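None of the figures in this text is laboratory data; all of them are computed from the coordinates on show. All values derive from a computational prediction rather than experimental measurement. A quick note on method: Cβ atoms are made from the backbone with ideal geometry, for glycine too, and the neighbour counts reach across all protein chains shown.
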Amino acid sequence: MSLIGNMYIEASDPGAVGCGYLWTNTTTGDVSARDTTNTLWNVLYNVNQANGGLVPVSGANMSGALTGVTGWAPNDSPNFTTTAKLMGINLATTNDLASLLSKVQALVASEVSSALASSATTSNMYAFGWGYAYDQATIPLPVYDDDGTQATLSQVKFVLAAPAPDPASDADGGPSGWGDHAGLEGGTTNHMHCHVDPTTLQVIAYVYSSHYGLDYCPRGASRVQYIILCRK
């Protein structure tokens, strides 16, 4: 045993020599201090390494990861033993983000399915029809696409009829339509008027002449184009 001041310099453990004593292990180069309980040695540094093996304030390359619940994590794949926080707020992990993404996708899929189902249900509530009809004819009720049933008169929400001269007949003004000067005797101006009886859907179409006043056209001569909308 070699004691210089309060430091033992030897390969073997000096033992319980008292709190605060130092020991340089001549085999490993570790310099240790005896703890306050006089039961163990705590390594302080190593005389065989630069800076005693300690990290200088200027920085150094670490040969191993720093372990424990505190301190700096390694650059690659840090494995925190508790939830990482930023300013007291938990940081989201890849598992958290994957779970959130799954929930968002499920919610969007549910909302889209619901919207499509609602749209399909709503569209099936309407029946639409269009075509041509002549004076005194009855506009046919359209059919619903979902069940093939025909709409009823009470379900009619909208009907529109407009003059539509028949190109194959000169009786209703010919291809040039109503409003020309060749329809009646004397070169008077003729106009076709029409409406639909809301209680029967019967078409009423007639010609108005400034010379003869109000006069009905022959049946089958005055044609209209119509659109009809019904809702269940």
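Observations on the structure shown:
- Once both labels are positioned 7 Å from their Cα atoms along Cα-to-Cβ, the gap between Asp35 and Asn48 label points is 2.5 nm.
- Listed by chain and number, the lysines whose alpha-carbon sits under 23 Å from that of Lys157, ignoring those within fewer than 8 places in the same chain, are Lys232.
- Taking label positions 7 Å along the Cα-Cβ direction at both Phe128 and Asp76, the computed distance is 6.4 nm, reported to one decimal.
- Computed over neighbours whose Cβ is under 9 Å from that of Gln155, the net charge equals +3, Lys and Arg +1, Asp and Glu -1.
- For Ser32, neighbours were defined as the other residues whose beta-carbon sits under 14 Å from its Cβ, and their charges (Lys and Arg +1, Asp and Glu -1) total -3.
- All Cα-Cα distances of segment 1-54, cut into 10 Å bins from zero to the largest, leave 29, 55, 16, 0 percent in each bin in turn.
- Packing order of peptides 22-34, 138-150, highest average first: 22-34, 138-150 (average count of other Cβ atoms within 10 Å over each peptide's residues).
- Cβ-based net charge around Tyr144, under 11 Å, with every Lys or Arg adding one and every Asp or Glu removing one: -1
- If the chain linking Ser102 and Ala11 were pulled fully straight, counting 0.36 nm for each residue of separation and taking away their Cα-Cα distance, it would gain 26.5 nm.
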